[in-house]
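Working notes, beginning with the structure itself.
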């Protein structure tokens, strides 16, 4: 697992997400962010340019 | 939220870039200011009240017919 | 009628109703009385729709008496997880946010049940918006496990699992985004099926994560489950995810046996999650039983559980946060603590994480399909342990202890959880049986063959003991 995110960097994430946290929530979620970061690292791996997401967009037909 | 909540701070462009593992020199940062403001406006425009039941336009197709 | 009404299967009740030996009104009133007497043990209900139920029961009775048959669900009481719309009633999602959310139209699945003659007995407890729970700071208490009310009934279809096991109704609907049908089925010792993605319409059901959400039946027996799926399945042109393909009855060949079927046995999934010896032995016994019945059973492996969980969580978090974004920013105090904090964490996922996860999803689908090329079904544990204590559920368990059910939400394959024994402490153990997309019939065949060899269906929770525990 990657290192714990700094308080400053975590505050920036909170601000970007538009959230307002109490100090206890801040501390609890900063720890939980490590779990999310570990999963993020699993999902992000080298892929070819042609790797398609599982979603498709279907335009309206006449 | 109470007054004890963490204050929202203005997020600088370099902090935003750092979040994605990106770095830029002072000139680039300056040139991005206008674009970032436009992006924020666009993001605000698309984030509006919607019914819980509204579907995204893309659909998952794991299986062929 | 050998068994008391609350413990009879749909198959048996249906025969009794069709032969006019049993009135749907008598059945409905018996179950309403039972709910009144015992739901303090389980908190399975958010709302009992007694008036609606009795009206529907009288109609069903009249139709049967006049020779009209609507099929096996005619006159059968069922419950709805309270994120599924029922016209004229609230859909609260167990949340202060939607405490006054009165709806005018039925969800597609509700309408299908009514058309089949089923009687809606009530709206059932859920995790808040199918994501936050078990919570003690919501407008309704969390559902409790009828086998031991100090224990969790599973989530998020918590009330559905508890209600069926408690004998309040022979069937209920649940929804499943990471395991929310199969986990309550596992912890409450019943049968729960997450169908293939796209087989059952999601229209009129509050979403958690649109590309992972499924609606499915929860019942006491395998055959009953298939009877419900036959009613629920089918193309809905107004649901963008609905599969436009003919539906083949899942119940028709259910007694076909497993001779010659190829079963992939996946003990590594449970081992990876640190499953208890009781769980591992229970699932191994299912594999041995299927082998003794003529199936070809071979051990296989899949990618790590954490790969599925990471992929699923990035998708679930992104889609759920987008749904709740305005409210979590403007009215966070209207959410319970658990959902609020889970949504806060979900807010940190990037757009590109989501796209990466969607690419990974395609890869995982392909990898599992390759493993499954030579097999008909895959069997593994439904949960690593029997039901944990309700007060010991971790807030971020989806990250730290991902459910063993998540892989099949990611792949969209049908997956069923059923009882495979009981722990020394008297709590149910469960096995998961997953199949190829749109091959629910095969999943049911295997499940039915196993169920027929066991005596697990003869045990029920002792609700009088639950009442005593409640009084104490």
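The values are calculated or read from the model by the stated rules, or taken from the named source; none is laboratory data. Just so it is clear, the model here is predicted, and its values are computed rather than measured. Counting neighbours? That spans all protein chains shown, and the Cβs are built from the backbone with ideal geometry, glycine included.
Residues that are more than 8 Å from chain C (Cβ to nearest Cβ) and either assigned to a helix (DSSP H, G or I) or farther than 19 Å from residue C:339 by Cβ (or both) within region A:16-37 comprise A:16, A:23, A:24, A:26, A:27, A:30, A:31, A:34, A:37, listed in sequence order. For region A:1-15, the set of residues classified as surrounded by fewer than 16 Cβ atoms within 10 Å (Cβ to Cβ) and either in a loop (DSSP other than H, G, I, E, B) or modelled with pLDDT under 90 (or both) consists of A:1, A:2, A:3, A:4, A:6, A:8, A:9, listed by residue number.
Checking region C:263-279 against the condition returns no match, with no residue being part of a loop (DSSP other than H, G, I, E, B), within 30 Å of residue B:53 (Cβ to Cβ) and touching a strand residue (DSSP E or B) at 6+ places or on another chain (Cβ under 6 Å). The test for being at pLDDT 85 or above, in a loop (DSSP other than H, G, I, E, B) and surrounded by fewer than 11 Cβ atoms within 10 Å (Cβ to Cβ) does not hold for residue A:59. Listed conditions (1) out of contact with any strand residue (DSSP E or B) (no Cβ under 8 Å at 6 or more places or on another chain); (2) at the interface with another protein chain (Cβ under 7 Å from one of its Cβ atoms); (3) more than 13 Å from residue C:347 (Cβ to Cβ) are all met by residue A:46, apart from (2). Looking only at region C:149-161, which residues are more than 12 Å from the chain's Cα centre (by Cα) and either under 17 Å from residue C:225 (Cα atoms) or crowded, with 24+ Cβ neighbours inside 10 Å (or both)? Across region C:149-161, the qualifying residue is only C:152. All of (1) crowded, with 24+ Cβ neighbours inside 10 Å; (2) in contact with a helix residue (DSSP H, G or I) (Cβ under 9 Å, 6 or more places away or on another chain) hold for residue C:115 with one exception: (1).
Would you be able to say whether some residue in region C:26-47 is over 21 Å from residue C:190 (Cβ atoms) and buried (at least 21 other Cβ atoms within 10 Å of the Cβ)? No: region C:26-47 contains no residue that is over 21 Å from residue C:190 (Cβ atoms) and buried (at least 21 other Cβ atoms within 10 Å of the Cβ). Residue C:230 meets each of the listed conditions (1) over 22 Å from residue C:75 (Cβ atoms); (2) at pLDDT 95 or above; (3) out of contact with any helix residue (DSSP H, G or I) (no Cβ under 8 Å at 6 or more places or on another chain) apart from (1). Residues of region C:394-421 that are surrounded by fewer than 24 Cβ atoms within 10 Å (Cβ to Cβ) and touching a strand residue (DSSP E or B) at 6+ places or on another chain (Cβ under 6 Å): C:421 alone. Is at least one residue of region C:212-230 under 20 Å from the mean Cα position of the chain (by Cα), within 14 Å of chain B (Cβ to nearest Cβ) and within 30 Å of residue C:422 (Cβ to Cβ)? Checked region C:212-230: at least one residue is under 20 Å from the mean Cα position of the chain (by Cα), within 14 Å of chain B (Cβ to nearest Cβ) and within 30 Å of residue C:422 (Cβ to Cβ). Candidates C:344, C:348: the one that is within 11 Å of another protein chain (Cβ to nearest Cβ), over 24 Å from the mean Cα position of the chain (by Cα) and not in a helix (DSSP H, G or I) is C:348. Are any of the residues in region B:6-18 more than 14 Å from chain C (Cβ to nearest Cβ), in a loop (DSSP other than H, G, I, E, B), at pLDDT below 80 and surrounded by 12 or more Cβ atoms within 10 Å (Cβ to Cβ)? Within region B:6-18, one or more residues are more than 14 Å from chain C (Cβ to nearest Cβ), in a loop (DSSP other than H, G, I, E, B), at pLDDT below 80 and surrounded by 12 or more Cβ atoms within 10 Å (Cβ to Cβ). Sub-6 Å Cβ pairs linking a first residue in region A:2-13 that is within 11 Å of another protein chain (Cβ to nearest Cβ) to a second residue that is outside any helix (DSSP H, G or I), at least 6 apart or interchain, are A:12/B:11; A:13/C:348, ordered by first then second residue.
For residue C:353, the requirement of being free of Cβ contacts under 8 Å to residues at least 60 places away in the same chain, part of a helix (DSSP H, G or I), more than 16 Å from residue C:396 (Cα to Cα) and facing chain A (nearest Cβ under 10 Å) is met. Between C:164, C:205, the distinction of being in contact with a strand residue (DSSP E or B) (Cβ under 7 Å, 6 or more places away or on another chain), within 14 Å of another protein chain (Cβ to nearest Cβ) and crowded, with 24+ Cβ neighbours inside 10 Å belongs to C:205 only.
Out of the residues in region C:297-336 that are surrounded by 16 or more Cβ atoms within 10 Å (Cβ to Cβ) and touching a strand residue (DSSP E or B) at 6+ places or on another chain (Cβ under 9 Å), state the one that is farthest from the other protein chains (Cβ to nearest Cβ). The selected residue is C:297.
Scanning region C:351-374 for residues that are within 24 Å of the chain's Cα centre (by Cα) and within 21 Å of residue A:38 (Cβ to Cβ), which turns out surrounded by the fewest Cβ atoms within 10 Å (Cβ to Cβ)? The selected residue is C:364. Among the residues of region C:290-305, the one identified as touching a helix residue (DSSP H, G or I) at 6+ places or on another chain (Cβ under 6 Å) and part of a helix (DSSP H, G or I) is C:305.
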